[in-house]
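Inspection log for the structure reproduced underneath, given as structure tokens.
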Amino acid sequence: MDALPIGELAAPLAAAWGAASRLLLTAPTGSGKSTQIPQFLLDAGLAPAGQIVVLQPRRLAARMLARRVARERGVALGSAVGYQVRDEHVAGPHTRICYVTEGVLLRRLLSDPDLRDVAAILFDEFHERHLPGDLMLGLARALQARRPELKLLVMSATLDVSGVADYLAPAPLLQPAGRCHPVAIQYLERAAAGGRAPIWETAARALPALLAGVPEGDLLVFMPGAYEIQRTIEAFRGVGAARGFEVLPLHGRLSAADQDRAVSPGARRRIIVATNIAETSITIAGVRGVLDSGLAREAGFDPRRGIETLLVAPISRAAAEQRSGRAGRTAPGVALRLWTAREHEQRPAYTRPEIQRVDLAEPLLALKALGFARSTDFPWFEPPPPAALEQAEALLRDLAATDAAGRITSLGRQLLRFPLHPRYARLLLAAAETGCLPEATRIAALTQTRPLLPPARDPAVREARGALTDEPVPGDYALTLRGWAAATAQRYAPAFCQAIGLQAEAAREADRLAARFQVIARSAGLALDTPPATAAQIGRALLAAFPDRVARRCDQGSLRCELVHGRRGELARSSAVHHAPLLLVGEITELDDRHGGVRTLLSQATALETEWLAEARPDALRDEKEYRYDPRQKRVLLHLRRCFLDLVLRDQIRQDVTAAEAAPVLAQALASGALESAQWPEAITPWLARLESLAAWCPDWRLPTFDASARQTVLGAFCVGAVGARDLKDRKLLPCFRVWLGAAAVTVLEREAPTHFTLPSGRRRPIVYCPPQPPRLAATIQDLDGLQTTPRIAGRRMPLTIEILAPNQRPVQTTTDLDSFWRTAYPALRPALSRRYPKHRWP
DNA sequence: GAGCACTGC
């Protein structure tokens, strides 16, 4: 690694530092800026009082840099030079240079909004654009209004500097001469076999040419995930030119020992097949050639459906640059990209920053605590998508963390005491109410680490793990808690951990986290000395945090589930609760399937009893006086009832009343507290009796009139082009089909989704849709229009399922092949359907 | 082949 030419930079940096409060510096990763710039600022007296804080995206980097700078200056670590990461604080009152991870500074800001002891903030590796770094930059800029002497220096490698320069203006740009070795870039001459061949086959075909151009040193191959890495290694076995090479995998799920093996030099030349972990986190010495698949798994969040995504996508040009650079760290190198030069130009210039693609509830709550009641008040470097902000606002409202005007409540401030997503913080407060706080702190902790019990392929491990379920287990969290407790009892004996496949490292980290949550809980006055919790206590607490994650198994033969808000997915095969008809799922993730489409995986499931939904009482959700009579609390209750109605009534309603028609009516009538059961068909009266007891909780609500515009019509036939929406309305057709696209049921509303209903007194009450409601149907229909066989939403092919519905809305038949359905299956079925269900007008 | 890239308080 070459030293930064600090001498050439010293004069301009010193001059700019005096004149400007914000500066921008671009230099490649590993140029020495992270260690040299802070020392220069200190030695030149440019930060005479206060700390120079250097923000790092990773804990390991913060630790290593502090260690190195302390050594260079001959001081003890934690004295003049220190660091702070989540688990460690190695710094003191005399610390002048402090390396901290981005989240740590955000936390510090929450307890000390002026950061009085900080003289300068250096944003290192800012081009990585992690969410906390982005947020911190905006906060620091805003803070300069109160503390004009605070200096900001943004350091980045491949960032499009003009955007930051504009944001920080006036900010001088410093650009020292680069010192990297040249890397020759090669592209494929023709697109790989029409893009049809698996990426590992393309890689194996290209390997000999690359090896011929790299006579010495190791080779680094980038693949999107562990599965592709495995297939690549197998494919390389058949390549003659690779004989004599040691071929090793490298990804985050490997044990520390296996990762070390891939990083440390061996006797033979090596080919290391890695994920993105080798792009930024792990540096491998001696790499002279890079083979780049051009693919990466990219995390995202769809605010409309409230679903996380993890999909394989082409990397940006900047990321490809970063990957190629891995070949030129010690000597000139070669990089072969498995795409054409022409395709390269069509790739996005930069990876979408995190703030554009993740759930914003947690940062938004922090902003509100810091005085930015509305997200538009905040000086975003790049504002997040409005839909994501709306979703986050709605979630915070539903958790009672904010009031109707979007201001933080005292409950919201309580949530913020925990370094957790507001949902999990909410889980802890609810757990204190239901009496399962110790268990809940452990559940929250294990969601924040690597999986403690990752899915096992080894039959011996599976069998040993089976012993954990000798007694029935109410959920996947509960199963992990059981394995974790057993391992704790054995003091994490390696033999035991290995036998059940428990990741001791992750468990120890979770131990520390749970302990920390308990310290915070105790200081907040929450009761921790409770007897071992029952499944009901834990289930009810989980419901308060995840009211929109209730799911029901569609049938016993498959793992398909329906979720509230017209979503659905597939329960993870590895889940421990295959027996339960009603579930609460902790995670919903959309993943690639093997056909170029997607599937929605439901994991971390917990079995639910209908009674917990039906009998969830206001006091189970009570936190403090100000919420007891707050309408917002009723919203949560109303939502729970809707879950109940959606899922339970659908089985019970028959004959002429369809669930889609009845549910909103019932929900509103129910909320009114004055339901007259005589008005309803006999089949549903047993359920109404239970519902009436729910309604009794909110006696001040009155029966609303049912607004016909709220009636829903299933899109089905419209989508496949058989019947137009107008036909459905004019001819008063019952819905015959329901169409599922990915996780979302596509339905159409006759008008816009209603926002209010009217009480007999004439007063209007808002209808609150928990995220991600109501669906934006107009947009959905446009996306679908004209797409007969391979509907795409946002460029991604969505699995299409069509259900033929009986008048009671239960599916008669299901198909996934639209073409053959429409050509053969449906025409063959139609006569029978017409006889069986004459009420339908079958197209 | 069926969980799933990388981080972080």
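Points to keep in mind about this one:
- Residue in region A:467-480 that is of a type in the set (Ser, Thr, Tyr), within 16 Å of DNA strand B (Cβ to nearest atom), without any contact (Cβ under 8 Å) to a residue 60 or more places away in the chain and crowded, with 17+ Cβ neighbours inside 10 Å present: yes
- Residue within region A:348-361 that is touching a helix residue (DSSP H, G or I) at 6+ places or on another chain (Cβ under 7 Å), buried (at least 22 other Cβ atoms within 10 Å of the Cβ) and among the polar types (S, T, N, Q) present: no
Per-residue answers, yes or no, for (1) farther than 27 Å from A:LEU602 by Cα; (2) at pLDDT 85 or above; (3) in contact with a strand residue (DSSP E or B) (Cβ under 9 Å, 6 or more places away or on another chain):
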position	(1), (2), (3)
A:GLY266	yes, no, yes
A:ARG269	yes, yes, yes
A:ALA296	no, yes, yes
A:GLY300	no, yes, yes
A:ALA313	no, yes, yes
A:ALA331	yes, yes, yes
A:ALA335	yes, yes, yes
A:GLU354	no, yes, yes
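- Residue check, A:ILE52 modelled with pLDDT under 90 and either touching a helix residue (DSSP H, G or I) at 6+ places or on another chain (Cβ under 6 Å) or within 16 Å of DNA strand B (Cβ to nearest atom) (or both): no
- Within region A:281-296, considering residues that are buried (at least 18 other Cβ atoms within 10 Å of the Cβ) and not hydrophobic (A, V, I, L, M, F, W, C), the one farthest from A:GLU390 (Cα to Cα): A:ARG288
- The one condition in (1) over 28 Å from A:PRO348 (Cα atoms); (2) out of contact with any strand residue (DSSP E or B) (no Cβ under 7 Å at 6 or more places or on another chain) that A:GLN259 fails to fulfil: (2)
- The residues of region A:549-601 that are closer than 22 Å to A:GLU228 by Cβ, assigned to a loop (DSSP other than H, G, I, E, B) and within 20 Å of the chain's Cα centre (by Cα), listed by number, are A:ALA572, A:ASP593, A:GLY597.
- Selection within region A:505-526 - surrounded by fewer than 16 Cβ atoms within 10 Å (Cβ to Cβ) and farther than 16 Å from A:ARG86 by Cβ: A:ARG522, A:SER523, A:ALA524, A:GLY525
- Considered as a group, the residues in region A:267-280 that are in contact with a Phe, Trp or Tyr (Cβ under 9 Å, 6 or more places away or on another chain) and more than 9 Å from DNA strand B (Cβ to nearest atom) include one that is nearest to A:TRP200 (Cα to Cα), and that residue is A:VAL273.
- Residue-level check: of (1) over 27 Å from A:THR449 (Cβ atoms); (2) within 11 Å of DNA strand B (Cβ to nearest atom), A:VAL75 misses just (2).
- In summary, A:ARG129 fulfils each of the numbered conditions (1) buried (at least 22 other Cβ atoms within 10 Å of the Cβ); (2) on the phi > 0 side of the Ramachandran plot with the single exception of condition (1).
- Neighbours by Cβ (under 6 Å, 6+ apart or cross-chain): first from region A:593-605, modelled with pLDDT of 70 or more; second near DNA strand B (Cβ under 8 Å from one of its atoms) and outside any strand (DSSP E or B): A:ARG599/A:ASP593; A:LEU601/A:ALA572; A:SER603/A:ALA572; A:GLN604/A:ASP476; A:ALA605/A:ASP476; A:ALA605/A:SER575
- Applying the set (1) over 27 Å from A:ALA430 (Cα atoms); (2) buried (at least 19 other Cβ atoms within 10 Å of the Cβ); (3) within 14 Å of DNA strand B (Cβ to nearest atom) to A:ARG462 leaves exactly one unmet item: (2).
- Each residue in region A:441-456 was checked for being in contact with a strand residue (DSSP E or B) (Cβ under 8 Å, 6 or more places away or on another chain) and more than 10 Å from DNA strand B (Cβ to nearest atom), and 0 pass.
- Condition check for A:ARG96: more than 28 Å from the chain's Cα centre (by Cα), more than 16 Å from DNA strand B (Cβ to nearest atom) and under 15 Å from A:VAL118 (Cβ atoms): yes
- Among the candidates A:THR330, A:THR309, A:THR340, residue that is under 21 Å from A:GLY225 (Cβ atoms) and either more than 16 Å from DNA strand B (Cβ to nearest atom) or of a type in the set (Val, Ile, Thr) (or both): A:THR309
- Number of residues in region A:540-566 that are within 24 Å of A:PRO422 (Cβ to Cβ) and within 16 Å of DNA strand B (Cβ to nearest atom): the value is 6.
So that you can scan it fast, the table gives a plain yes or no per residue for (1) charged (D, E, K, R); (2) within 23 Å of A:ALA486 (Cβ to Cβ):
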position	(1), (2)
A:THR409	no, no
A:TYR424	no, no
A:GLU433	yes, no
A:ALA445	no, yes
A:GLN448	no, yes
A:PRO451	no, yes
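- Identity of the residue in region A:527-543, farther than 9 Å from A:GLU439 by Cβ and over 27 Å from the mean Cα position of the chain (by Cα), that ends up surrounded by the fewest Cβ atoms within 10 Å (Cβ to Cβ): A:ASP529
- In the set A:LEU396, A:LEU446, A:LEU427, A:LEU411, only one residue is within 20 Å of the chain's Cα centre (by Cα) and more than 24 Å from A:LEU582 (Cα to Cα); that residue is A:LEU396.
- For region A:212-226, filtered to residues that are touching a residue at least 60 places away in the same chain (Cβ under 8 Å) and within 16 Å of DNA strand B (Cβ to nearest atom), the residue that is surrounded by the fewest Cβ atoms within 10 Å (Cβ to Cβ) is A:GLY225.
- Cross-chain or 6+ apart pairs with Cβ under 6 Å, region A:501-519 first and closer than 18 Å to A:ARG417 by Cα, then among the basic types (Lys, Arg) and assigned to a helix (DSSP H, G or I): A:ALA514/A:ARG442
- The set of residues from region A:253-266 being surrounded by fewer than 14 Cβ atoms within 10 Å (Cβ to Cβ) and either within 11 Å of DNA strand B (Cβ to nearest atom) or touching a residue at least 12 places away in the same chain (Cβ under 8 Å) (or both) comprises A:ALA256, A:PRO265, A:GLY266.
- Which numbered condition A:LEU174 fails, given (1) within 14 Å of DNA strand B (Cβ to nearest atom); (2) over 34 Å from the mean Cα position of the chain (by Cα); (3) not charged (D, E, K, R): (1)
The values are calculated or read from the model by the stated rules, or taken from the named source; none is laboratory data. A quick note: this is a predicted structure, and the numbers were derived from the prediction, not measured. All Cβ positions, glycine included, derive from the backbone under ideal geometry; neighbour counts span all protein chains shown.
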